[in-house]
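These notes concern the structure reproduced below.
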Amino acid sequence: MHHISRGAADDVRMRGFAQRHTVAAALAWLDAQLQPLAAEAVPLRIAAGRVLASSVVSDVDVPGFDRATMDGYAVMADSTEGATAYTRLPLTVIGDSMPGCPFDGCVGAGEAVRIMTGAPMPRGSDAVLPAEWVETEPDQAQTNDGIPCRISALAAVSPGKNLGKRGEDVIQGTTLLEPGRVLRPQDLGVLSSVGQGNARVVRRPRVRLAVTGNELLPSGSHPNGFHIADANGPMLAALIERDGGVVDFPGLVRDDRNAILEALHADADIVVVSGGSSVGIEDLAPTLVAQNGELAVHGIAMRPSSPTGLGRIGHRLIVLLPGNPVSSLCAYDFFAGRAIRVLGGRSKEWPYRAIRAKLNRKISSPIGRLDYARVKIVDGLVEPLAVAGASLLSSTTRADGFVIVSDDSEGFAVGAEISVWLYA
């Protein structure tokens, strides 16, 4: 694979690409640059969606004691043996056990302790007699705390009935979560239950988004004259956040050497440049990357997105995306999104669901070029929308997903069963 060394880049402006790299070669260079960033500790309150950096091993049992799973009376199971609605067995109530406030005593034969769900089981007890299996006579005496002094068991319970054992949820020494896991809300609950207030997660990559073009107006502006509203900025910022990046997008960047160079030297892990990556007279970014660092890839055999570039300046990874919106989306998915995900500890694979379905119209593609074809699913069949038209962003909103035709394929015939990657 050809690499352009620092300071020796050919200026491809108004000349075209002398060669185009294969997608596989471009991905091979990119993958060689990537490894997850360092770990950091964050409070559980903001850890959802973050990627765990190291294993979590519990140093406690959860729960740390035997506890009642029903409201009722803690008893020795033997004390209820033979009890029925017709053969009631009397029990003496000797106290209360409440959540966080256990009974400080021991239950003996013929005794019971009133207990609430979640409360610690008293010493000597081995079952909970549910409240509905107990009868209290109205005229029975009560303690000062309102506890009946005597009750009658209307049914028998077996040892271990209606109680949760120590360590039933988590046993000390258990590995709860593995590195690489994207933390879910219930994961945070488990971490908190074993006494962890923070989670060690992979640092989110800082991404400087530089959208270039003198013809662009800020997002939300009404297009006028020969100026167009920026579509790539909002789209790319949302994609970066989806993939776990922290976006720095202070505004549009003019097609000016100093302005672009300032963006390329941003305090970031990755600089994603949209526009100015092709061979036009104002396509300055590739030359600036080559002059100030390494432009390893420029020009890829794919449609759309052939002007994509990859390189480095110092510690920063640089991804040059074409300005045409569909090309920008495609190149982001293949290269920038992959880099952001891996740096943030996520899978390098696309975050899209794939389905298999049959094609209702052929897709043609020349050998030696990878094609990204937008498609719709109509009555369970795949219908191509367009293969060309890199500036037609609305085609992606009409599409349900896309199909990839690899560079060693001439396409797919009508009726072929193919993989479709769904946008949602």
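Restricted to Cα atoms, region 193-326 shows a radius of gyration and a Dmax of 16.4, 62 angstrom.
Take the Cα radius of gyration of region 353-422 and divide it by 2.2 N^0.38 Å, with N its residue count; two decimals is plenty.
Cα Rg divided by the expected 2.2 N^0.38 Å: 1.01.
Using the average count of surrounding beta-carbon atoms within 10 Å as a protection proxy, the listed peptides 102-115, 284-297, 48-61 rank, highest first, as 284-297, 102-115, 48-61. The separation of region 26-81 from region 306-346, counted between C-alpha centres, amounts to 34 Å. Think of the chain as having a plus end and a minus end, set by charges on the Cβ of Lys, Arg, Asp and Glu; of Phe103, Gly225, Leu154, Gly225 sits farthest toward the positive end of this dipole. Full extension of the chain between Ala85 and Ile46 gives 8.6 nm of extra length, using 0.36 nm per residue less the Cα-Cα distance. A simple spin-label model places the labels of Val182 and Arg150 6.4 nm from each other, with each point 7 Å out along Cα-to-Cβ. Diffusion coefficient of the chain by Stokes-Einstein, Kirkwood radius over Cα pairs, 25 °C, 0.890 mPa s: 93 µm²/s. Using a Gaussian network model of the chain in which every pair of alpha carbons under 10 angstrom is joined by a spring, one finds that among Asp400, Asp230, Asp96 the greatest mean-square fluctuation is at Asp96. Each listed q (0.18 Å⁻¹) maps to a log10 I(q)/I(0) for region 67-164, found by the Debye formula over equal Cα scatterers with no solvent: -0.70.
How high is the FRET efficiency from Met116 to Ile367, r the C-beta distance, R0 60 Å, rounded to 0.05? Efficiency, rounded to the nearest 0.05: 0.25.
Ranked for footprinting exposure by Cβ neighbours inside 10 Å, fewest first, Met76, Met116, Met98 give Met98, Met116, Met76.
Normalised by the number of residues in the chain, the mean separation of alpha-carbon contacts (under 8 Å, six or more apart) gives a relative contact order of 18 percent.
Please arrange Ser79, Ser409 by counting, for each residue, the other beta carbons lying within 10 Å of its beta carbon, fewest first. Provide the component values of the computation, followed by the final result.
Values: Ser79 25, Ser409 15.
By the 10 Å Cβ count, ascending: Ser409, Ser79.
For Ser277, nonlocal amide neighbours, meaning residues 5 or more places apart or on other chains whose placed amide H falls under 5 Å from its own, are Gly323. Near the amide H of Asp248, within less than 5 Å, lie the amide hydrogens of Val207, Arg208, Leu209, all on another chain or at least 5 residues away, with H placed in the peptide plane.
Taking the chain as a Gaussian network of alpha-carbon nodes connected by springs under 10 Å, the highest mean-square fluctuation of the residues Gly337, Gly311, Gly124 belongs to Gly124.
Every number in this text was worked out from the coordinates using simple rules, so none of it is lab data. Quantities reported herein were computed from a predicted structural model and do not represent experimental measurements. Backbone-built Cβ (ideal geometry, glycine too); neighbour counts: all protein chains shown.
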